[in-house]
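Trainee: Let me begin by handing over the structure; questions about it come next.
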Amino acid sequence: MTVETTELTLPSRIETVAAAAAAVAEFMSRSGVSDDAAFGIDMAVREAVTNAVVHGNSQAEDKVVDIVLKSSPDAVEISVHDQGPGFNPSEVPDPTAEENILKTSGRGIFFMRSFMDEVVWSLPPEGGTTVRMLKRR
Amino acid sequence: MAELNIAERQAGDVTVLDMSGKITIGEGSVALRTAIRRLLEEGKKRILLNLAGVGYIDSSGIGELVSSFTAIGKENGQLKLLNLTQKLQDLLTITKLLTVFDVYESEAEALNSFK
């Protein structure tokens, strides 16, 4: 079974979001991902990298975002790791609850979960937060 | 080229912003915020966003739409949306924001709704 892997290390800047999305788009076109799936993956990657840059690394110049892209015949898997203090997704309120609908933030994780088949956060021993997202073919 | 291009025109007492590009974290969201703040400072409180050319929006851009909607509402104004792409309509549906915004497919109908 062929598995293609690409690794990226990017700075903690807002511009990294578009750079990561461009790299993922190129990776997906090589991997033969359908247009519909590509839209959702793009959206999820942008939100995950935004969280890593803004909330995880607080845009600190001395911190980086590591991204690993894996493509297999069954799925595309994307991991995004930041060097922040650690993130607990259960603390993020449901943005579709009536009292939160008019909030101006808090929808990124909702989009990641909406567009990917699996989204799992972990706190690796070396620190930071890793979010692993899977889209089945 | 800017991430988000905004062209302003007046249709009676409604200000129409024809937008094209992306409303995403950083430049796009800031451009929308700046445009709405400027209109409010100029006393223009009836605003129609023509989103036909907006092919992409992220959670930050959606947040900026919500922020614009509430800022204009606080000034007793109205913000309405015109010509959503299917993708944007889908995003507003899953976030339940389609029930919050007044959305139109016809500009004439949208302009009439302000009266």
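Trainee: Relative to the present Cα-Cα distance, how much length would full extension add between B:Glu42 and B:Gln10 at 0.36 nm per residue of separation? List each step's numbers first, then the result.
Mentor: Numbers: separation 32, 0.36 × 32 = 11.52 nm, distance 1.30 nm.
Stretched out fully, the B:Glu42 to B:Gln10 stretch lengthens by 10.2 nm.
Trainee: Could you bin all the Cα-Cα distances of the protein assembly as shown into 10 Å bins starting at 0 and give me the percent of pairs in each, rounded to whole numbers?
Mentor: 7, 30, 33, 20, 9, 2, 0
Trainee: Something else now. Put +1 on the Cβ of every Lys and Arg and -1 on every Asp and Glu Cβ in chain A; which of A:Pro73, A:Ser114, A:Pro93 then has its Cα farthest towards the positive end of the dipole?
Mentor: Sorting the options by dipole projection puts first A:Pro73.
Trainee: Determine which lysines satisfy two conditions relative to B:Lys80: a Cα distance under 25 Å, and not lying fewer than 8 residues away in the same chain.
Mentor: Answer for B:Lys80, where 25 Å is the Cα cut-off: A:Lys103, B:Lys22, B:Lys44, B:Lys45, B:Lys96, B:Lys115, listed by chain and number.
Trainee: With labels modelled as points extended 7 Å from the Cα through the Cβ direction, what inter-label distance (nm, one decimal) is found for A:Thr6 paired with B:Asp90?
Mentor: Result: 2.2 nm between the two label points.
Trainee: Given Cβ point charges of +1 (Lys, Arg) and -1 (Asp, Glu) and nothing else, what value in debye, to the nearest 20, does the dipole of chain B about its Cα centre take?
Mentor: On the way: 13 positive and 15 negative charges, 53 e Å.
Result for chain B is approximately 260 debye, rounded to the nearest 20.
Trainee: Report, in whole Å, the centroid distance computed from the Cα atoms of region B:19-52 and region A:62-133.
Mentor: About 28 Å separates the Cα centre of region B:19-52 from the one of region A:62-133.
Trainee: Here is a further query. Residues of region A:49-69 with the amide nitrogen closer than 17 Å to a label point 7 Å from the Cα of A:Glu91, along Cα-to-Cβ, please.
Mentor: Counting only backbone N, you get A:51-59.
Trainee: Under the definition of partner shielding as Cβ atoms of other protein chains within 10 Å of a residue Cβ, what is the mean value for peptide A:123-132?
Mentor: Details: counts 0, 0, 0, 0, 0, 0, 0, 0, 0, 0.
Taking all residues of A:123-132 together, the mean is 0.
Throughout, read-outs are computed from the coordinates displayed, never taken from laboratory work. Source: prediction; values computed, not measured. Neighbour counts run over all protein chains shown; Cβ positions are idealised from the backbone, glycine included.
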